[in-house]
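Student: Can you read through this structure? Questions will come right after.
The values are calculated or read from the model by the stated rules, or taken from the named source; none is laboratory data. Just so you know, these numbers come straight off a predicted model, no measurement behind them. A quick note on method: Cβ atoms are made from the backbone with ideal geometry, for glycine too, and the neighbour counts reach across all protein chains shown.
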Amino acid sequence: MDGHGRGPETDGVSIDQQRRLVTGLPGPRSQELMARKVAAVAGGVGTTMPVFAAAAGGGIIVDVDGNHLIDLGSGIAVTTVGAANPRVVAAVTAQAAAFTHTCFMVTPYDGYVAVAEALNRITPGDHEKRSALFNSGAEAVENAVKIARAYTGRDAVVVFDHAYHGRTNLTLAMTAKNRPYKHTFGPFAPEVYRVGGSYPYRDGGVDGASAAARAIDQIEKQIGAENLAALVIEPVQGEGGFIEPAPGFLPALAAWCRATGVVFVADEVQTGFARTGDLFACDREGVVPDLIVTAKGIAGGLPLSAVTGRAEIMEGPHEGGLGGTYGGNPIACAAALAAIETIEEDGLVARAREIETLVFRRLTDVQAADDRLGDIRGRGAMLAVELVRSGGDEPDPRLAREVAKAAHARGVIVLTCGTHGNVLRFLPPLTISDALLDDAFDVIAAALEELR
């Protein structure tokens with residue numbers, strides 16, 4: 001894609017793939033809409049930027065005032081194949097014209113079956129698999145726990161420090177961070193236990209095998225493998241700070257689960273579908289989970305999620321025990337098939353690795369002259385920088401907020417994350433051009449320099 005020219009077609013209008021501000025942010029139309037939002041929408045639903053989208057494609061979001069913003073968020077890792085991918089648009093249009101809903105549990109349709117077949121084919125491992133479709137990542141995580149409990153006859157679930165698994169009651173119990181997720185919303189579901197993970201930047205040199213041994217020792221002494229239905233882990237942690245565990249950590253945990261009959265669940269809601277430079281993050285070390293949970297990038301922006309896993313485990317629940325009114329909606333299924341085709345046909349796994357190379361180079365150049373960039377990490381187009389106070393490794397959430405705010409004012413959408421709120425995370429769509437990435441990181445570098 002020519003980063004200096006025009007990008008993908010969106011509703012018949014080609015979006016200029018350049019950052020351009022024609023008003024201050026927010027512009028007058030966005031301000032009007034924000035006033036309506038405040039009057040109509042519950043205050044608990046916040047927004048990162050006070051601008052309202054009108055169109056999107058490539059690496060650009062156009063707001064209602066005509067400003068062109070560089071998208072380093074992808075709707076939180078959802079629009080991996082672009083916000084208006086032509087294959088997705090065509091598939092959705094055709095399916096909507098045929099029918100929008102029947103409920104798969106009442107009168108099924110082939111799109112659901114085709115998505116299950118595709119997931120069974122592309123997820124890690126060549127064993128016999130089954131899939132079930134749902135609506136959101138949190139819903140899929142909950143169903144993975146249900147499936148593991150039904151299969152094992154055990155109750156306990158293990159999760160990890162810095163984990164994020166969703167906002168429902170069970171998944172809030174599994175999520176580590178208090179604010180904004182858990183505060184005032186308890187009590188939470190029981191039989192969820194948290195153990196230490198692998199955080200190379202802050203682990204003092206502990207290797208993956210040793211970190212896994214430490215976690216396993218804690219599980220065996222405090223919970224007992226015989227009581228444990230599932231171990232649930234993000235292969236690269238998302239909201240917790242884009243923490244990539246040390247090599248060997250995931251394989252050691254998976255091997256222990258196999259030896260003890262514990263179901264190893266990979267939560268690839270954020271890492272899946274080419275985001276990390278592999279089709280799935282587990283692929284990097286050859287880890288084959290018993291169950292894999294997917295959502296976000298699965299359907300090009302439509303709500304869909306899935307649990308895919310070993311046939312014998314997936315068949316654990318009784319008939320009727322899994323499902324939901326909207327689970328595997330036909331329009332979302334059509335979008336998913338188009339998104340998977342796009343990833344495979346357009347070489348987006350390789351594109352994610354190209355983005356990784358470019359972004360790491362830009363951030364490493366900044367880090368060489370600025371010790372507040374404590375750690376640069378991540379894979380593919382799921383990358384982050386952990387900001388710390390100069391001269392040490394104390395987290396600096398204020399700096400992260402101020403850099404993000406400065407980038408937003410200049411038309412670059414940047415998200416923050418991390419248990420301490422001190423991590424800038426970068427999740428560009430894989431359709432973004434190199435030119436837009438360079439422009440975005442020029443803005444971020446300038447913001448960091450201005451905030452010295």
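Student: Has the stretch 78-87 got at least one residue that is crowded, with 22+ Cβ neighbours inside 10 Å, on the phi > 0 side of the Ramachandran plot, touching a residue at least 60 places away in the same chain (Cβ under 8 Å) and in the same structural domain as Met382 (by TED's automatic domain parsing)?
Tutor: Residues of the stretch 78-87 that are crowded, with 22+ Cβ neighbours inside 10 Å, as a first pass: 78-85.
Among the residues that remain, those that are also on the phi > 0 side of the Ramachandran plot are: 82.
The next check asks that each one be touching a residue at least 60 places away in the same chain (Cβ under 8 Å); those that pass are 82.
Checking the rest, the ones that are also in the same structural domain as Met382 (by TED's automatic domain parsing) come to none.
Within the stretch 78-87, none of the residues are crowded, with 22+ Cβ neighbours inside 10 Å, on the phi > 0 side of the Ramachandran plot, touching a residue at least 60 places away in the same chain (Cβ under 8 Å) and in the same structural domain as Met382 (by TED's automatic domain parsing).
Student: Any idea which of Val115, Val51 is crowded, with 22+ Cβ neighbours inside 10 Å and within 18 Å of Thr342 (Cβ to Cβ)? Steps first, answer last, please.
Tutor: Numbers: Val51 fails: within 18 Å of Thr342 (Cβ to Cβ).
Just one listed residue meets the conditions, Val115.
Student: Hey, does the stretch 146-161 have a residue that's surrounded by fewer than 23 Cβ atoms within 10 Å (Cβ to Cβ) and more than 23 Å from Arg310 (Cα to Cα)?
Tutor: yes
Student: Let me ask something else about it. Quick check on this structure: which one of Phe104, Phe188 is in a loop (DSSP other than H, G, I, E, B), over 23 Å from the mean Cα position of the chain (by Cα) and buried (at least 17 other Cβ atoms within 10 Å of the Cβ)? Even if it seems obvious, please write down each step before you answer.
Tutor: Working: Phe188 fails: buried (at least 17 other Cβ atoms within 10 Å of the Cβ).
Answer to the check: Phe104.
Student: The conditions are (1) surrounded by 15 or more Cβ atoms within 10 Å (Cβ to Cβ); (2) at positive phi; (3) β-branched (Val, Ile, Thr), and Ile223 fails exactly one of them. Which is it?
Tutor: (2)
Student: Based on what the data block shows, is Arg149 part of a helix (DSSP H, G or I), within 23 Å of Gly297 (Cβ to Cβ) and assigned by TED's automatic domain parsing to the domain that holds Val265? Give the derivation first.
Tutor: Values: part of a helix (DSSP H, G or I): yes; within 23 Å of Gly297 (Cβ to Cβ): no; assigned by TED's automatic domain parsing to the domain that holds Val265: yes.
When the stated conditions are applied, Arg149 does not pass them.
Student: Quick check: is even one residue across the stretch 320-335 within 23 Å of Arg149 (Cα to Cα), surrounded by fewer than 17 Cβ atoms within 10 Å (Cβ to Cβ), in contact with a Cys (Cβ under 7 Å, 6 or more places away or on another chain) and in contact (Cβ under 8 Å) with a residue 60 or more places away in the chain?
Tutor: Yes, some residue in the stretch 320-335 is within 23 Å of Arg149 (Cα to Cα), surrounded by fewer than 17 Cβ atoms within 10 Å (Cβ to Cβ), in contact with a Cys (Cβ under 7 Å, 6 or more places away or on another chain) and in contact (Cβ under 8 Å) with a residue 60 or more places away in the chain.
Student: Moving on to the next point. Do any residues in the stretch 283-294 that are touching a residue at least 24 places away in the same chain (Cβ under 8 Å) have Cβ atoms under 6 Å from those of residues that are among the aromatic types (Phe, Trp, Tyr), where the two are at least six apart or on different chains, and which pairs are they?
Tutor: Pro289/Phe264; Asp290/Phe264
Student: Hey, another quick one. Identify the residue in the stretch 4-30 that is of a type in the set (S, T, N, Q) and surrounded by fewer than 18 Cβ atoms within 10 Å (Cβ to Cβ) and, among all such residues, is modelled with the highest pLDDT.
Tutor: Top of the filtered list is Thr23.
Student: How do the strands (runs of 3 or more DSSP E) wholly within the stretch 378-432 filter down when requiring 2 or more residues that are buried (at least 22 other Cβ atoms within 10 Å of the Cβ): which remain?
Tutor: Values: elements: 382-387, 415-417, 423-426.
Strands (runs of 3 or more DSSP E) meeting the threshold: 382-387, 423-426.
Student: Which ones in the stretch 119-146 are assigned to a helix (DSSP H, G or I), touching a residue at least 40 places away in the same chain (Cβ under 8 Å) and closer than 27 Å to Gly75 by Cβ? Write out each step before concluding.
Tutor: Taking the stretch 119-146 as the starting set, the residues that turn out to be assigned to a helix (DSSP H, G or I) are 119-122, 137-146.
Remaining after also requiring touching a residue at least 40 places away in the same chain (Cβ under 8 Å): 119-120, 122, 137, 139-141, 143-146.
Scanning the stretch 119-146 gives Leu119, Asn120, Ile122, Gly137, Glu139, Ala140, Val141, Asn143, Ala144, Val145.
Student: Counting only residues that are surrounded by fewer than 21 Cβ atoms within 10 Å (Cβ to Cβ) and farther than 19 Å from Thr276 by Cβ, which one in the stretch 338-363 is nearest to the chain's Cα centre (by Cα)?
Tutor: Restricting to residues being surrounded by fewer than 21 Cβ atoms within 10 Å (Cβ to Cβ) and farther than 19 Å from Thr276 by Cβ, the top hit is Glu341.
Student: Now for a separate question. What tally of residues in the stretch 234-264 results from selecting those that are surrounded by fewer than 24 Cβ atoms within 10 Å (Cβ to Cβ) and within 26 Å of Gly153 (Cβ to Cβ)?
Tutor: 9
Student: Also: Does the stretch 324-332 include one or more residues that are closer than 22 Å to Ala55 by Cα and in the same structural domain as Glu139 (by TED's automatic domain parsing)?
Tutor: Yes - at least one qualifying residue is present in the stretch 324-332.
Student: Just the residues that are at negative phi, of a type outside the set (A, V, I, L, M) and not in a loop (DSSP other than H, G, I, E, B), please, taken from the stretch 268-305.
Tutor: Residues satisfying the conditions are Cys282, Asp283, Arg284, Glu285, Thr294, Gly297, Ser305.
Student: Restricting the search to the stretch 162-174, which residues are surrounded by 23 or more Cβ atoms within 10 Å (Cβ to Cβ), among the hydroxyl-bearing types (Ser, Thr, Tyr) and either free of Cβ contacts under 8 Å to residues at least 60 places away in the same chain or within 21 Å of Ala225 (Cα to Cα) (or both)?
Tutor: Once the filter is applied, which keeps residues that are surrounded by 23 or more Cβ atoms within 10 Å (Cβ to Cβ), among the hydroxyl-bearing types (Ser, Thr, Tyr) and either free of Cβ contacts under 8 Å to residues at least 60 places away in the same chain or within 21 Å of Ala225 (Cα to Cα) (or both), the stretch 162-174 yields only Thr171.
Student: Output the number of residues of the stretch 191-246 satisfying the condition of being part of a helix (DSSP H, G or I), of a type in the set (A, V, I, L, M) and free of Cβ contacts under 8 Å to residues at least 40 places away in the same chain.
Tutor: Let us first name the residues in the stretch 191-246 that are part of a helix (DSSP H, G or I), namely 200-202, 208-222, 225-227.
With the extra rule that they be of a type in the set (A, V, I, L, M), the set shrinks to 209, 211-213, 215-216, 219, 225.
Okay, now just the ones that are also free of Cβ contacts under 8 Å to residues at least 40 places away in the same chain, so 211, 213, 225.
Counting residues in the stretch 191-246 that are part of a helix (DSSP H, G or I), of a type in the set (A, V, I, L, M) and free of Cβ contacts under 8 Å to residues at least 40 places away in the same chain gives 3.
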